[in-house]
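Right, one structure below, let's go through it.
The values are calculated or read from the model by the stated rules, or taken from the named source; none is laboratory data. What you see is a predicted model; the values in this text were computed from it and never measured. Here Cβ is always computed from backbone atoms with ideal geometry, including for glycine, and neighbour counts include all displayed protein chains. Heavy atoms of the whole protein, side chains included, go into the accessibility calculation; ligands, DNA and RNA do not. Shrake-Rupley method; radii C 1.70, N 1.55, O 1.52, S 1.80 Å.
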Amino acid sequence: MGHYRHSLAHGITQAHDGAIRVTSEPGRGTTFQLYFPAIEAEVDVKSPDSQRLQTGTGQRILYLDDESLL
């Protein structure tokens, strides 16, 4: 599953002309930095009434990490 997530992040970043920088230090962990080009564009802001928040139907998310604070 990890390879799938990596290729998904890489594909999205590449599709938006971005870049990924990875640094890793033994005993300290790995850092992923994603860079995307800045753009100047008009923003279409819709009123809160026009946006409906989608909700799930009982799904759950399982988050695993070896960091005790998380």
Next item on the list: Count charges around THR31 for me, please; just the other residues with Cβ under 12 Å from its Cβ, Lys/Arg as +1, Asp/Glu as -1.
Entry: +1
Check: In what sequence, largest accessible area first, do TYR35, TYR63 appear using a 1.4 Å probe?
Finding: TYR63, TYR35
Next item on the list: Multiply the residue separation of GLN59 and VAL22 by 0.36 nm, subtract the distance between their alpha-carbon atoms, and state the gained length in nm to one decimal.
Entry: 10.2 nm
Checklist line | Most to least accessible of HIS10, HIS16 (protein chains only, probe 1.4 Å) | finding: HIS16, HIS10
Notebook entry, point to check: Using a Förster distance of 22 Å, how high is the FRET efficiency between PHE36 and SER7, based on the Cβ-Cβ distance and rounded to 0.05?
Noted result: 0.80
